[in-house]
1. Of the residues Ser95, Ser100, which is open to solvent by less than 20 Å² (accessible area, probe 1.4 Å), modelled with pLDDT of 90 or more and hydroxyl-bearing (Ser, Thr, Tyr)?
2. Would you check which residues across region 308-333 are surrounded by 23 or more Cβ atoms within 10 Å (Cβ to Cβ) and polar (S, T, N, Q) and list them?
3. Identify, please: which residue in region 263-301 is in a loop (DSSP other than H, G, I, E, B) and among the aromatic types (Phe, Trp, Tyr) and is, among those, nearest to Met220 (Cα to Cα)?
4. Provide a single number: the residues in region 220-232 that are open to solvent by less than 40 Å² (accessible area, probe 1.4 Å) and over 19 Å from Asp24 (Cβ atoms).
5. Scan the strands (runs of 3 or more DSSP E) fully inside region 109-214 and keep the ones with 2 or more residues being open to solvent by 30 Å² or more (accessible area, probe 1.4 Å) and among the small types (Gly, Ala, Ser).
6. In region 236-244, is there at least one residue being touching a His at 6+ places or on another chain (Cβ under 7 Å), open to solvent by 20 Å² or more (accessible area, probe 1.4 Å) and either assigned to a helix (DSSP H, G or I) or at pLDDT 95 or above (or both)?
7. What number of residues within region 98-137 satisfy the criterion of being farther than 21 Å from Lys209 by Cα, small (Gly, Ala, Ser) and in contact with a Leu (Cβ under 7 Å, 6 or more places away or on another chain)?
8. Note down all Cβ pairs under 8 Å where the first residue falls in region 358-379 and is touching a residue at least 40 places away in the same chain (Cβ under 8 Å), the second is surrounded by fewer than 11 Cβ atoms within 10 Å (Cβ to Cβ) and assigned to a loop (DSSP other than H, G, I, E, B), and they're at least six residues apart or on different chains.
Amino acid sequence: MPLPPASNTKLLTAALALYHLGPDYRFETRVFSNGNSLVLAGRGNPSLSPTQLSVLAERVRNADIDAVTNLVADVGCFSEPSRGPGWMWEDGKYSYGAESTALALSENTVSVTVSGTDIEITPKTNTTEFVTDFDPTADELHVFRDGDEIRIEGKAPDELRTETVPVPDPVCHCLLAFRDALEETGIAHTGGLLMSRNTDSGAAIATVKSPPVSELVREMNVPSNNFLAEQLARTVAREVRGDGSWDEWETVVNEFLDSRNAGGARIRDGSGLSRYNLLPARGIVRVLEWVEEQSWSETFFASLPKPGEGTLEERLLDVVPEIRAKTGTLTGSRTLSGIVRRDGEESDVVFSVLLGGLTGEDEENARETIDDFVRELAD
């Protein structure tokens, strides 16, 4: 029966990223000179950091550029919208629902550090306006995005506390941070900030790269990073279908599932955050069986958390055989799929458990129900 796979969707994303992009694929962020302007071209790099922006700025300065008129963000490799189909409206309030954009700094989030009533935001740009509403009678502190603002409300903490929050305008935020990095190297900016969808910008004067996909899939799967999953999925769609959109990703992944005879399936995003996703457990098992036949299968299974780390930090610690598995959690759904490594001549066992339509005690006890099954399987 097709059920919401939740973050087990990331198993499909990892498999198709390794298959279509390859384990050695690296995302690139480039800077092009266009007359008196600079173009910052995003190609979906999920790991672009303030440090890398500084590296780009230094390389621009080394190219004997000391002033620019306009700064242009080239975001043509991904189609709009930036939020996945089937995401809930409240997902955008918290870091797990950060938007997916072609040009993205620090996973399109900022760190908000609160100490008493003192607040520090990193990286800080003009797009990160915040409002505070401290209440000494409140039970706890709440930090979240509310429209175009970051709200910090509730009880002021006695000790240092840091929360990660999605930024309201990710592309502008990244471009402003790049402008600040340029100015720190002595490059003056005298014009405006522009947006472009022209992905053919000539020869680059500066480039930074992401870690390879072989590392990115582990960075995605161990903590269950939704933003990284969407960047990978939309890049696969662009490479295979020529358009980095969720519609083209749906085409790629559903054609793949049909070829694996995965049963009735519908996948709309790369992270599993979409409430539209449906997939039978048998379909996941058939995907994992296919993965076992690929040259990069060890990279794939090593990307999954084992008991004691990531989303399995406190689960299945008493199981002796090696287990690698991906968790999944949505309201009413609990999932776990992966592999049990068996010693000797016995074959490894791939498995998938999807529980859906859960309420009350069934939802509360679902993880233990799944873990009991895996213990029996491991024995």
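1. Ser100
2. Thr327, Ser333
3. Ranking the qualifying residues of region 263-301, first place goes to Trp296.
4. Within region 220-232, residues that are open to solvent by less than 40 Å² (accessible area, probe 1.4 Å) and over 19 Å from Asp24 (Cβ atoms) number 7.
5. 109-115
6. Within region 236-244 (the criterion being touching a His at 6+ places or on another chain (Cβ under 7 Å), open to solvent by 20 Å² or more (accessible area, probe 1.4 Å) and either assigned to a helix (DSSP H, G or I) or at pLDDT 95 or above (or both)), the answer is yes, since at least one residue qualifies.
7. 1
8. Arg375/Asp318; Ala378/Val320
The values are calculated or read from the model by the stated rules, or taken from the named source; none is laboratory data. Because the structure is predicted, anything quoted here is derived from the model rather than measured. With ideal geometry, Cβ positions are generated from the backbone for all residues, glycine too; neighbour counts draw on all protein chains shown. Side chains are part of the model used for accessible areas, which takes the heavy atoms of the whole protein and leaves out ligands, DNA and RNA. Shrake-Rupley method; radii C 1.70, N 1.55, O 1.52, S 1.80 Å.
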